[in-house]
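The structure appears below as structure tokens.
The values are calculated or read from the model by the stated rules, or taken from the named source; none is laboratory data. The structure displayed is predicted, hence computed values, not measured ones. In this analysis, Cβ positions are derived from the backbone assuming ideal geometry, glycine residues included, and neighbour counts consider all displayed protein chains.
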Amino acid sequence: MSGSPLLVRPSYLLGLPQFIIYLPIALTYSRAQEFNAAMFPVYSNGLIPSWQLFLLFLPELIFPSLFLHWGTRGARWLVRWLRQPLRLNWEKPDAKTITVLIVAVVSLVAIVAYQASLGLVSLTYALLAFQILLQLVLVPTFLFIVIVRSRQFQRLENWFV
């Protein structure tokens, strides 16, 4: 049988809403499994937490609900920042900002070039990873921020509230 599976079986499209609902659950489960693999050594029969796990939770043991407090403060700041109207000021950036940007880009290029010289990564895969990061993270995040901070979206939000 040739052709796309969607053309052969259009009933697959009926499962799209279920796929969209289950995708965050599957991704969360996958990240939890990656966390378990990173934090618990697989060489023993029992679960022996590594020292990195203790370092991760040490601040929480000393100051209970510290991460929850930081998370809620960060979420409140993010919501306040996203609800501001979008104002584009095309001013010339100051020298400090340009310097920090140049140092960060040069550092990233130097690290990737050093790893490529050691044979840890090839430049082809590094460029491919950067392209995927740009397409799947940076561009959608930028579009989300522009849409949420636009006047039309804020009018729509005020209409529902």
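Just a few scattered comments:
Okay, residues lined up against (1) surrounded by 10 or more Cβ atoms within 10 Å (Cβ to Cβ); (2) modelled with pLDDT of 80 or more; (3) under 21 Å from the mean Cα position of the chain (by Cα):
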| position | (1), (2), (3) |
| --- | --- |
| F40 | yes, no, no |
| G46 | no, no, no |
| I62 | no, yes, no |
| L66 | yes, yes, no |
| G71 | yes, yes, yes |
| R76 | yes, yes, yes |
| L88 | no, no, no |
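- Annotation note: Cβ proximity below 7 Å between a residue of the stretch 70-99 that is more than 16 Å from R151 (Cα to Cα) and a residue that is surrounded by fewer than 10 Cβ atoms within 10 Å (Cβ to Cβ) (sequence gap 6+ or interchain) occurs for no pair.
- Every pair of residues 6+ apart whose Cβ atoms lie under 8 Å, when the first sits in the stretch 8-34 and is without any contact (Cβ under 8 Å) to a residue 24 or more places away in the chain while the second is part of a helix (DSSP H, G or I) and of a type outside the set (G, A, S): Y12/P5; Y12/L6; L13/L6
- Test: residue in the stretch 24-34 that is at pLDDT 85 or above, among the aromatic types (F, W, Y) and farther than 26 Å from R149 by Cα: yes
- Selection status of A104, of a type in the set (A, V, I, L, M) and within 23 Å of L78 (Cβ to Cβ): yes
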